[in-house]
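Report on one structure; see the data block that follows.
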Amino acid sequence: MIDDFDIASSPWTSFAESAALHGLGGFRAFPLKLALTPLGSLVVFTADLWNSRELSNAYGQSMADAAAVTTQHILLSRNMIELAVGMIAELDGLDIYAATEALSVAAKARGISLAQYAQKVVNEPGLR
């Protein structure tokens, strides 16, 4: 974390100079993880110095936690879609591209999201 880009020390000196030139005052990085599995970081930049206002580390961490949950949801949806595409390809003798298109067209025709329709296909393959 750098509270003030004007007093950043090495190895952040070049980064801090560039950030300050672009109107940034400071930043904090918060761990992005699910349970104990690290996913990356959420970096929050501020125009003011970080410590010049009531900026809470707890708030930053709660944003990182929300981002991790959202990432988990996206990954689970993607896995479900990939599974449904594979099932359609195998059961209907299609290549992956045609199976993906079939899944997408069917979801749109039913007025539901791709992830929702993929879940239905995985649960009941006869629905496809």
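Some values worked out for this structure:
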item	result
Filter result for residue 6 (modelled with pLDDT under 85 and either of a type in the set (Phe, Trp, Tyr) or not in a helix (DSSP H, G or I) (or both))	no
Inter-residue pairs, beta-carbon under 6 Å, first assigned by TED's automatic domain parsing to the domain that holds residue 119 and in the range 73-102, second among the basic types (Lys, Arg), 6+ apart	88/128
Residue 116 vs. criteria under 29 Å from residue 28 (Cβ atoms), within 22 Å of the chain's Cα centre (by Cα) and either aliphatic (A, V, I, L, M) or part of a helix (DSSP H, G or I) (or both)	no
Meets criteria (more than 30 Å from residue 25 (Cβ to Cβ) and surrounded by 14 or more Cβ atoms within 10 Å (Cβ to Cβ)) for residue 67	no
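The values are calculated or read from the model by the stated rules, or taken from the named source; none is laboratory data. Since this is a predicted model, take the numbers as computed values, not measurements. Here the Cβ is made from the backbone with ideal geometry for all residues, glycine too, and neighbour counts use every protein chain on show.
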